[in-house]
Amino acid sequence: MKRIPKATNTVEDILPEYDFSKGVRGKYAKALRENGYTIRVYHADGTFTEKRVLAQRTILLEPDVAEYFPDSKSVNRALRTLLSILPEKRKTEIRRGPATGQSISEKRAG
């Protein structure tokens with residue numbers, strides 16, 4: 001984990017018109033963690049670069065799979081349909097094993 005350098009500002013650097021007395025630490029942290037955010041860096045030539053920081057619950061689809069789903073709603077609908085046909089017991093058993101790509105139920109069978 002990278003260390004974040006401490007701020008070099010001192011009390012003398014803060015102007016009197018800056019009022020942080022009503023500030024709330026981490027006010028937007030939960031929303032940023034859940035929804036993700038975009039970092040945009042502007043360059044001197046007028047261009048910019050963007051980096052999308054994904055939320056913790058974000059799942060990326062491979063490009064060939066993403067072709068079939070125009071939005072999150074369609075992905076969720078397809079997954080709910082798949083879940084509805086799985087037996088209740090299997091829902092808890094279908095987890096991926098470490099690094100093999102086989103599901104745990106496949107390992108038991110083979």
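Here are a few things to note about the model shown:
- Those residues of region 28-51 which are touching a residue at least 12 places away in the same chain (Cβ under 8 Å), of a type in the set (S, T, N, Q) and part of a strand (DSSP E or B), in sequence order: T38
- Positions within region 63-75 being of a type in the set (D, E), outside any helix (DSSP H, G or I) and modelled with pLDDT of 90 or more, in sequence order: E67
- Criterion (surrounded by 10 or more Cβ atoms within 10 Å (Cβ to Cβ), out of contact with any Ser or Thr (no Cβ under 7 Å at 6 or more places or on another chain) and at pLDDT below 70) met by exactly one of K6, K107, K89: K107
One line per residue, one yes/no per condition, for (1) over 20 Å from the mean Cα position of the chain (by Cα); (2) surrounded by 10 or more Cβ atoms within 10 Å (Cβ to Cβ); (3) at pLDDT below 85:
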position: V11; (1), (2), (3): yes, no, yes
position: F20; (1), (2), (3): yes, no, yes
position: Q56; (1), (2), (3): no, no, yes
position: R77; (1), (2), (3): yes, yes, no
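- Which numbered condition T81 misses (of (1) modelled with pLDDT of 90 or more; (2) surrounded by 10 or more Cβ atoms within 10 Å (Cβ to Cβ); (3) of a type outside the set (G, A, S)): (2)
- Selection of region 30-51 for residues being exposed (fewer than 10 other Cβ atoms within 10 Å of the Cβ) and at pLDDT below 85 yields only K30.
The values are calculated or read from the model by the stated rules, or taken from the named source; none is laboratory data. All of these numbers come straight from a predicted model, not from anything done at the bench. Don't worry about glycine lacking a Cβ; one is built from the backbone with ideal geometry, like all the others, and counts go over all protein chains shown.
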